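The values are calculated or read from the model by the stated rules, or taken from the named source; none is laboratory data. On a predicted model such as this, the values are computed, not experimentally measured, just so you know. We place every Cβ from the backbone using ideal geometry, glycine too, and count neighbours over all the protein chains shown. Note: areas computed on protein heavy atoms with side chains; ligands, DNA, RNA excluded. Shrake-Rupley method; radii C 1.70, N 1.55, O 1.52, S 1.80 Å.
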Amino acid sequence: MKTPSFRAPLPALCALGAALAAGPLSAAPGDLPEDHRALAKSTSYDAMAAFLKTVDGKGPVVVSVEGKTAQGRNVFLVHARGSAKPTFRVLFYAQQHGDEVSGKDALLYLVRDIARDPKVLPPDVDLWVMPMMNPDGGEAGTRRNSAGADLNRDHVTLFQPETEALHRVARRVRPHLAVDGHEFGRDSEEWTAKGWEKWPDITMDGLDNPHFDRERIAAARRWVDESAAAEERAGHRFLRYWVGGAPPDDEQRHSAPDPDGGLNGIGAYGGLSFIVEAAVRHHAKDPSADLGNRVDAYLVLFRGFLEGGGHRAEDLAVVERSRRLPLPAFLPTDALWVNPGGTVTEFPAVEVATGKAVKVATPNLMTEVAVKRSVPTPLGYAVDPKAAPEIAALLARHGLAFETLGAPRTLEAETSTLLRVEEEFDDVYSRYGGRTIVKRGAARAMELPAGSLWVPLEGEGALRAAMVLEPNAMYGLWQYPRLRALVGADGTIPVRRVVKATK
């Protein structure tokens with residue numbers, strides 16, 4: 001049986017205490033408790049805004065506003081450089097889900113420490129921080145924003161101002177490394193029904209979308225594997241990120257390979273990208289009782305990313321090579337998690353009654369992303385005039401180049417037909433609803449009328465354009481009602497795959 005990368009905890013260490021030893025900043029309403037491990041209540045939006053005002057201009061820290069929520073709250077952006085000419089750009093962002101707080105709190109402590117002592121930030125690092133992506137949801141204590149949207153499912157459409165702001169930053173910064181901060185429930189009903197709690201204090205996974213090159217995926221996975229030891233030294237239990245039901249019978253998998261989440265949506269800009277989730281007891285009398293411990297576990301990872309893990313140059317080279325790669329000959333349109341070898345994993349759990357860790361033989365942990373279907377990579381995409389305004393706005397939100405045709409153009413293209421959208425959860429393959437079932441037509445000569453959009457697959461944005469527009473993608477644009485309204489009555493999708501330009 002195979003055992004995943006988890007470690008038993010050592011006694012809690014004060015690995016980060018030295019960085020907190022400096023004297024406090026001048027007192028202000030937004031001051032944080034001195035020791036993050038004593039934090040017993042998450043920082044509110046107003047307290048965060050007050051705190052950021054106290055650190056703006058201190059040391060290398062500069063605070064700005066990148067966007068506004070529907071209710072008028074600021075989406076803050078913090079910038080700090082380790083030297084005049086840093087070479088490695090890092091983007092940390094958290095609290096896309098308003099009720100998942102510890103990543104935000106950890107980032108505020110990180111910013112505080114940099115403001116106090118600039119040497120906390122290595123000289124080669126250009127750091128960008130968006131600590132609270134969903135202020136409206138944070139204030140309401142809800143997962144979704146005030147428009148009812150799950151921001152971590154909005155990275156393809158960018159309908160929400162919060163995710164649009166994040167992608168503006170990603171395009172400007174072009175981070176070599178990005179981290180998305182979340183929390184998961186340690187005491188979910190499926191587990192407590194068995195007398196268990198989930199074992200890890202914190203989990204992490206790297207980008208995994210099959211559009212991305214294997215070298216970059218492997219570089220991110222190395223960070224995941226190496227982080228266990230750092231968390232162990234700080235007294236925290238670490239496991240590679242996973243979701244799913246309770247072992248052994250239910251299915252588990254690692255992070256979703258879809259591009260509509262921050263992990264792969266921001267990974268589409270060519271850098272290393274990660275999702276981190278700390279464990280919270282939702283059903284505890286006081287879910288914030290261990291908040292300081294969650295923040296500490298987060299800070300171990302954040303500081304490790306800033307320090308580089310001893311392979312900064314290699315990570316930088318991997319990212320730069322990835323950004324120079326041409327598009328592959330084929331684009332994956334359907335991928336899912338599988339267990340190709342039927343591997344039986346010893347999955348860890350904690351017995352609630354005894355507090356002891358147990359290992360459960362688990363045959364249903366999916367270990368690899370498999371591509372089920374691909375299509376040849378086109379030259380680009382042509383958008384029908386009736387859909388042009390909506391798709392042009394989508395492309396503009398993504399900063400993708402396109403041309404509006406002033407005169408008809410003849411080309412060879414494929415038309416795709418939307419057969420149906422499957423909204424229910426797929427219990428067999430553990431897939432989300434919103435699966436778009438599409439029939440790809442044969443290529444033929446056609447004339448695009450004036451007013452059509454032409455979106456070439458060229459330059460650094462080519463991969464992102466393909467991930468957004470490919471009409472045959474199982475989780476494509478047409479799962480969203482606002483965009484599905486653009487599909488013809490006969491199912492014709494208004495985005496055509498151009499395979500040859502004839503005139």
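Of note:
- When segment 397-431 is filtered for residues that are in contact (Cβ under 8 Å) with a residue 12 or more places away in the chain and among the aliphatic types (A, V, I, L, M), the ones remaining, listed by number, are Leu400, Ala401, Leu405, Ala407, Leu411, Ala413, Leu418, Leu419, Val421.
- Taking the conditions (1) within 19 Å of the chain's Cα centre (by Cα); (2) surrounded by fewer than 22 Cβ atoms within 10 Å (Cβ to Cβ); (3) under 18 Å from Ser42 (Cα atoms) in turn, Ala284 satisfies each one other than (1).
- Filter result for the condition that a residue is surrounded by 19 or more Cβ atoms within 10 Å (Cβ to Cβ), on the phi < 0 side of the Ramachandran plot and among the charged types (D, E, K, R), over Arg482, Arg444, Arg464: Arg464
- Qualifying residue in segment 272-281 (condition: in contact (Cβ under 8 Å) with a residue 12 or more places away in the chain, open to solvent by 30 Å² or more (accessible area, probe 1.4 Å) and either under 18 Å from Asp99 (Cβ atoms) or within 19 Å of the chain's Cα centre (by Cα) (or both)): yes
- Close pairs from segment 467-488: first closer than 15 Å to Gly265 by Cβ, partner open to solvent by 20 Å² or more (accessible area, probe 1.4 Å) and of a type in the set (Asp, Glu), Cβ under 6 Å, at least 6 apart: Tyr475/Asp258
- Odd one out for Tyr269, checked against (1) aromatic (Phe, Trp, Tyr); (2) in contact with a helix residue (DSSP H, G or I) (Cβ under 8 Å, 6 or more places away or on another chain); (3) open to solvent by less than 10 Å² (accessible area, probe 1.4 Å): (3)
- Residue check for Glu458: over 16 Å from Leu331 (Cβ atoms) and surrounded by fewer than 18 Cβ atoms within 10 Å (Cβ to Cβ): no
- Qualifying residues in segment 311-359 (those that are open to solvent by 60 Å² or more (accessible area, probe 1.4 Å) and β-branched (Val, Ile, Thr)) - the one farthest from Val224 (Cα to Cα): Thr354
- Verdict on Val295 being crowded, with 23+ Cβ neighbours inside 10 Å, over 24 Å from Arg435 (Cα atoms), in contact with a strand residue (DSSP E or B) (Cβ under 9 Å, 6 or more places away or on another chain) and modelled with pLDDT of 95 or more: yes
- All helices (runs of 4 or more DSSP H) inside segment 146-252 with 2 or more residues being modelled with pLDDT of 95 or more, open to solvent by 20 Å² or more (accessible area, probe 1.4 Å) and within 23 Å of Val338 (Cα to Cα): 214-233
- Sub-6 Å Cβ pairs linking a first residue in segment 143-157 that is under 15 Å from Arg482 (Cα atoms) and among the acidic types (Asp, Glu) to a second residue that is part of a loop (DSSP other than H, G, I, E, B) and at pLDDT 95 or above, at least 6 apart or interchain, are Asp154/Gln160, ordered by first then second residue.
- Residues that are closer than 22 Å to Pro378 by Cα and either open to solvent by 30 Å² or more (accessible area, probe 1.4 Å) or of a type in the set (Val, Ile, Thr) (or both) within segment 427-441 comprise Thr436, Ile437, Val438, Lys439, Arg440, listed in sequence order.
- In segment 64-82, the residues that are open to solvent by less than 40 Å² (accessible area, probe 1.4 Å) and of a type in the set (Phe, Trp, Tyr) form Cβ pairs under 9 Å with partners that are assigned to a strand (DSSP E or B) and modelled with pLDDT of 95 or more, at six or more places apart or across chains, as follows: Phe76/Val63; Phe76/Ser64; Phe76/Val65; Phe76/Glu66; Phe76/Val129; Phe76/Met130.
- Entry remark, segment 83-133: residues being among the charged types (D, E, K, R), within 18 Å of Leu151 (Cβ to Cβ) and open to solvent by 10 Å² or more (accessible area, probe 1.4 Å) number 2 in total.
- Number of residues in segment 314-360 that are aromatic (Phe, Trp, Tyr) and under 29 Å from Leu457 (Cβ atoms) equals 2.
- Test set (1) open to solvent by less than 40 Å² (accessible area, probe 1.4 Å); (2) in contact with a Leu (Cβ under 9 Å, 6 or more places away or on another chain) - Pro259 fails condition number: (2)
- Residue count, segment 386-396 (criterion: in contact (Cβ under 8 Å) with a residue 12 or more places away in the chain and open to solvent by 50 Å² or more (accessible area, probe 1.4 Å)): 1
- Matching residues in segment 173-189 - criterion: being of a type outside the set (Gly, Ala, Ser) and touching a strand residue (DSSP E or B) at 6+ places or on another chain (Cβ under 9 Å): Val173, Arg174, Pro175, His176, Leu177, Val179, Asp180, His182, Glu183, Phe184, Arg186, Asp187
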